[in-house]
Every structure is written in C-alpha cells, then in structure tokens.
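Read the structure below first, then the notes.
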Amino acid sequence: MKYTVILEEGETSFGAFVPDLPGCIAVGESRQETPALIKDAIEFHLEGLREDGAKIPAPHCTIETVDVESTVG
C-alpha cells in the first residue's frame, strides 16, 4: 500500500503525518531522515491496528499542487 505523507518544515526540524492514518506522525532533524521515520511510524501504526483487530484504512488521499500569485509584499 502507498499512503500519502505530508512533510512540513519547522524552525529546527521536519514533521510528517499521514492524512489517512490519524495520529500517525514522525519528527526528524532533516528532510532526508524524515521519510524513513514516517515509514517506520506507518508500519508501527498498522501493526497496532492489526493487534487491536481494527480495520486497516485503505489509502484514499492524493496530492495536488496549485499555483497562486503572491499578494504578500
């Protein structure tokens, strides 16, 4: 399965979350490190759902980017 992951750059770290798996998050010190951390978090999250006998959510989120003109300035 492939889940959509959102990466966010903070002041001193990078965060990641999975819209299809509420509560599944990871924080890394670098952008390069964070995808591996969220992959581990997804696997751990799914394992917990299985152990609890819960349904595994199918991925349904997708990503789209939209260009807009900046009005700040």
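Odds and ends about this structure:
- Residue list for segment 33-73, restricted to those being over 15 Å from Thr4 (Cβ atoms), of a type in the set (Lys, Arg) and surrounded by 10 or more Cβ atoms within 10 Å (Cβ to Cβ): Arg50
- If you go through segment 1-41 and keep only what is under 20 Å from Thr62 (Cβ atoms), among the acidic types (Asp, Glu) and in a loop (DSSP other than H, G, I, E, B), you end up with just Asp20.
- Residues in segment 20-32 that are exposed (fewer than 14 other Cβ atoms within 10 Å of the Cβ) and not small (Gly, Ala, Ser) were compared, and the one that is nearest to the chain's Cα centre (by Cα) is Pro22.
- Across segment 1-15, the number of residues qualifying as surrounded by 11 or more Cβ atoms within 10 Å (Cβ to Cβ) and out of contact with any strand residue (DSSP E or B) (no Cβ under 6 Å at 6 or more places or on another chain) comes to 2.
Taken together, the values in this text are just the output of simple stated rules run on the coordinates, not laboratory data. Please read these numbers as outputs of a predicted model, since none were measured by experiment. As a convention, Cβ positions derive from the backbone with ideal geometry for all residues, glycine included, and neighbour counts pool all protein chains shown.
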